[in-house]
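Read the figures in this text as sums done on the coordinates, not as results from a lab. For clarity, every value in this text was computed on a predicted model and none was experimentally measured. Cβ atoms come from the backbone with ideal geometry, glycine included; neighbour counts cover every protein chain shown.
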Amino acid sequence: MESFSANSARSYIGRNVNLHLKDGAVIINVQLTKLHKGAGKNNNLIEYSPPGNRKATKVPLRNIAWAEMLNINLMNPA
């Protein structure tokens, strides 16, 4: 199985996802905002924020196992 890479993360920028971390934790319903490239191979950070909140948080890309895209239309009934 491939690891979650910068190329994979780039495809989720601007979308709402659940982030599944390698330690088994899940960060639910966040919007990925930016990918920060660090010096070296494994120092990339992904920035995310909860919907409606403008305060962004960063997590190292190497700690993320995979991301699950959410369908926001199912959460907001019309």
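A compact table of results
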| quantity | calculated |
| --- | --- |
| Helical mean residue ellipticity (222 nm; -39500 (n - 2.57) per DSSP H run of 4+; nearest 500) of the chain | -3000 deg cm²/dmol |
| All Cα pairs of the chain, percent lying beyond 20 Å | 28 |
| Test item: Cα-centred dipole of the chain, Lys/Arg +1 and Asp/Glu -1 on Cβ, debye | 340 |
| Under 17 Å, Cα to Cα: Lys pairs in the chain, sequence gap 8 or more or different chains | 4 |
